[in-house]
Each structure stands twice: as structure tokens, then as C-alpha cells.
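To start, the structure itself, in C-alpha cells.
Read-outs: derived from the displayed coordinates by stated rules, not from any lab. This structure is a prediction, so every number in the text was calculated from the model and none was measured. Please note: Cβ atoms are built from the backbone with ideal geometry, for glycine as well, and neighbour counts cover all protein chains shown.
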Amino acid sequence: MIPVKEKEILKKLLHESKNNVKITAIISSKHQMFDLFMNFISELKQIRESLVDVIIIDDPKTVSQYLDVFILPAFIISGRDVKVKFYDLPIGLEMIMFIDALSAIINEPDIKPIKNLKNVTIKILVSPTCSLCIPVMRIVTKFAMLSENCTIEILDVLENAKLLERHGILTVPVIMINDDILYANLNEEEIISFLTKHLFSSPFEK
């Protein structure tokens, strides 16, 4: 299920973790990908079982009651101050993003985060074949470490056609905070400016 190269990277990461990370997997027992998903979870548990929790939901309609997840299946990687939610199985390039997010949280710097005005959820829309999505996710994840109680959601565009249509999105990667969207010619300077605007308070605000 997990490619050999990626499995070796996961082994190194999870065994080096000092329990500052938790992976929660959520799926409906009725989901068509249930067996495939559980095989993936089984491989993660074989690497380090204590870091992986599984929630199996019989009624998908109740999913919003669990950690504010709205699509199944889902993975939640929780650190001290940052939480990354992956929707669907991480396959292809999305596996690299899954590993990158895990690595960022495991290596989360031991610094006091800069307090933002409110808890923020950052959505990143990606596709399994998008090579530009990986560096964008890396920038967002590392920058979010400076914020307090920030959640990052990784969404596959193929599973979110209604969201694309509603906002007129034509390409990926996309960074979305509330109804504000950044998706054209993404570069590090633009991304940091966008995130700063939304994550941190102005020195003049009380």
C-alpha cells in the first residue's frame, strides 16, 4: 500500500517523534474505500502503533461531531499548536505532502507561537498530479507553526467540484482562508503576505 521509499521515510520520522504528534484516522464503515483505508492504517500502526488512533463511524451523517471533519475518509495530524487535516487517501504526490506535514509537526520548533486574533483554518486545494502543490503546502505549514491553534486542511480538487464552481477556481494550488483566495502565480512572498494578513494581528489592533 505505502511505497517502499515513503515507508522508510515514515519509519524514520515516527520513530524519532517524541510523542508531540498524533495521527487520527476517521472513516465510515460503509465507505467504498474502507478496506483500502484500513490497510493503509494497518501499515502506519506497524511502524508505531501508539501514535495512530482510528475512529470508525457507522453513520457518515454524524461525522461533523468528530473533530470538525466534513469529508470521509480523513486523516488529522495534530501537533502542539498546528493541526493538518488530509481528506481522502494520500496517494501519489499527496503522499509526499502527508509526509511533509508530518515532518513539519514532528520537528515543530520549541518556540512560543505568536498569538493571532482568532483560530484560523487554512484550506489548500491540491491534486495528486500537481507538482506546484508540494512547495506551497511546505510554505503554509512552516509559516502556520508561528500561529496559535491553526488548522490546515488539504483538499483534493477532484473531491470538491462544488467548492471550485462556487468560487470560480480554475487551477491548483489554491490557498483559501474564509472566502479570500490566493491561487494565481503563487510565490513565497505572496503566500507569506497573504498568511500574515489573515493569521496575525496588526500591532495597532487590540
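General observations
- Cα-based equivalent ellipsoid of the stretch 78-192: semi-axis lengths in Å, sorted from largest, via gyration tensor: 22, 16, 13
- Karplus-derived 3J(HN,Hα), 6.51/-1.76/1.60, for each residue of the stretch 99-105, Hz, glycine and proline x: 5, 4, 5, 4, 4, 4, 6
- For the chain, calculated [θ]222 nm from helices alone, where every DSSP H run of n ≥ 4 adds -39500 (n - 2.57): -11000 deg cm²/dmol
- Listed pairs 45/142; 12/45; 11/45; 7/45; 18/123; 83/142 exceeding 21 Å between Cα atoms: 45/142; 18/123
- Taking Cα atoms only, the orientation of helix 188-199 departs from the longest principal axis of the chain by about 90 degrees.
- Surrounding net charge for residue 182, when Lys and Arg each add one and Asp and Glu each subtract one, Cβ distance under 14 Å: -3
- Restricting the calculation to Cα atoms, the stretch 1-41 shows an Rg/Rh of 1.06 when the hydrodynamic-style radius is the Kirkwood one.
- Its residues counted as N, the chain yields a C-alpha radius of gyration over 2.2 N^0.38 Å of 1.01.
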